[in-house]
Amino acid sequence: MAKVELKLTQRLKTKLFFDDEDMDFDFQLFLANLENHGASIGEIFNTARRIDTKNELSWKTEFVKEAERVEALAENCLKKGHRISAGDAFLRAFTYYRSAFMAILPEEDDFKRVYHKSVSCFRRGLDAKAKLIPHEWVTIEYNGYKFPGCFLKADNTGKKRPTITMHNGGDSHSEDHFFMYGQAAIDRGYNCLLWDGPLDTGGRFYEPDATYKTFGRKELTGAYRAAVDMLIARPDVDPDRLILTGESYGGAKTMFNATIDDRFAAVIPNSPIYSAPKMVRFMNENLPVFEGVTKEESNALLNKMPFFSRNTLKTLIWYNGFDSLLDWIPAAEELFETDCKKITAPFLAMYSESENTQFREQAEYAYKHVSSKIKDIIMTTVAEGADLHCQVNNYAKSQQVMFDWLDELLDYQVEK
């Protein structure tokens, strides 16, 4: 066995602020929300400078403190009728609560409170800016389950528009995607559905029973198709121009969804994980917590990991309803082992230069083996400043790649 490495997996090569790789990745992830008024350089760097990396509570403490300060500012602006200032401040408060959430374990009292504070600030931010950000709060219903979502509208004209639906990554929430692709979609005349479904972190807060133990292949298929059913029932959605995308582990969900629903005009996984078990086994080579050990050995090694890596994996256990990390590969074998040949829609595979080799290999394999007549593969690079996992250090580049490809594929340009 290779030397044990107490970290998740390679998602970046160049650190910006923190020595811990996973901590620095998350810092850069939320720094990306600078786009679309989701963070301030001064606020987020001042907060980072206050963090004592030797104290596991410090990240949460400092980001909650900043979130509460900015949320109070938003409340004051709203009382005075300054809706744009209030909306921007609420969106920044969302980012800081969301950052704090990354450092809270599921068994902590703050886990649920901080999650819902982040969601509340996001919702209030969009509502305060409703004239600039047309949107509706929607619900995807399936078999008695109700999953919350936000339907971002290209405009309020009621015209049928191309529409994107997004899958969340392993540790992302639906609100994160407003900053990644949501506002960019509106700017380009696309609708965009953000939602927290089964096997998503946010989904379990609303539907605690929606875990791997209850959502097998049949149930997941039903929930994903219900989201599309909801979209095509809307008069402002063009059913012939539905786009499916997802980032990180959402790439695995995207690949799965593309094989069980033929209503998509384009499929864009970022990154295209066609075999989640293969990805997890790759991680297991240097971090043997997923296979080949006992539950006790897995948990013991997990508890030795740096705080951010440990917290990410414990949250993954929680939202999936696992008993331990040993459950991940068997569950993924049922759901996220995709036959690429079943994908026939136009296909764009996206990945980044500084990701681990599995992301590159799976992207290249998926590109080669999908049955799509129209297909492309694009790697974003260090030279472009877009080399981190899912281009979190350069959303502008990620948006340009995806939407330019879509505009050309669909022969679509928003009216001036």
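Pairs exceeding a 22 Å alpha-carbon distance, out of K218/K314; K80/K112; K129/K153; K60/K146; K112/K295; K213/K314: K218/K314; K80/K112; K60/K146; K112/K295. Among the trypsin sites (Lys or Arg not before Pro) in segment 61-157, those placed in a DSSP loop whose Cβ has at most 16 other Cβ atoms within 10 Å are K80, K131. Which shape class, rounded, prolate or oblate, goes with the chain when its Cα gyration tensor gives a ≥ b ≥ c as root eigenvalues, a/c under 1.5 marks rounded, and past that a/b bigger than b/c marks prolate? The shape class here is rounded.
For segment 380-416, the set of chymotrypsin sites (Phe, Trp or Tyr not before Pro) satisfying both a DSSP loop assignment and a count of at most 14 other C-beta atoms within 10 Å is empty. Counting Lys and Arg as +1 and Asp and Glu as -1 over every other residue whose Cβ lies under 10 Å from the Cβ of S271, the net charge comes to -1. Each Lys or Arg adds one and each Asp or Glu subtracts one; over the other residues with Cβ under 13 Å from the Cβ of M255, this totals 0. For segment 20-133, the alpha-carbon coordinates run over 42, 28, 20 Å along the three principal axes, in decreasing order.
Using R₀ = 35 Å, calculate the FRET efficiency as 1/(1 + (r/R₀)^6) where r is the Cβ-Cβ separation of T14 and D110; round to 0.05. After rounding to 0.05, the efficiency reads 0.65.
Placing unit charges on the Cβ atoms only, positive for Lys and Arg and negative for Asp and Glu, gives the chain a dipole magnitude near 760 debye about its Cα centre. As a length-normalised measure over Cα pairs under 8 Å and 6 or more apart, the relative contact order of the chain settles at 16 percent.
Positive end of the dipole of the chain, charges at C-beta (+1 Lys, Arg; -1 Asp, Glu), about the Cα centre: which of W195, V267, N168 has its Cα farthest in that direction? Going by the charge dipole, the pick is W195. When DSSP beta bridges are restricted to pairs lying wholly in the chain, around 35% turn out antiparallel. Ordering S298, S120, S172 from the fewest to the most neighbouring beta carbons within 10 Å gives S120, S298, S172. With R₀ set to 41 Å, the beta-carbon distance separating F45 from D376 gives a calculated FRET efficiency near 0.65.
Read-outs throughout are calculated quantities, based only on the coordinates presented, and are distinct from any laboratory measurement. Remember, it's a predicted structure, so these values are computed and weren't measured experimentally. Here Cβ is always computed from backbone atoms with ideal geometry, including for glycine, and neighbour counts include all displayed protein chains.
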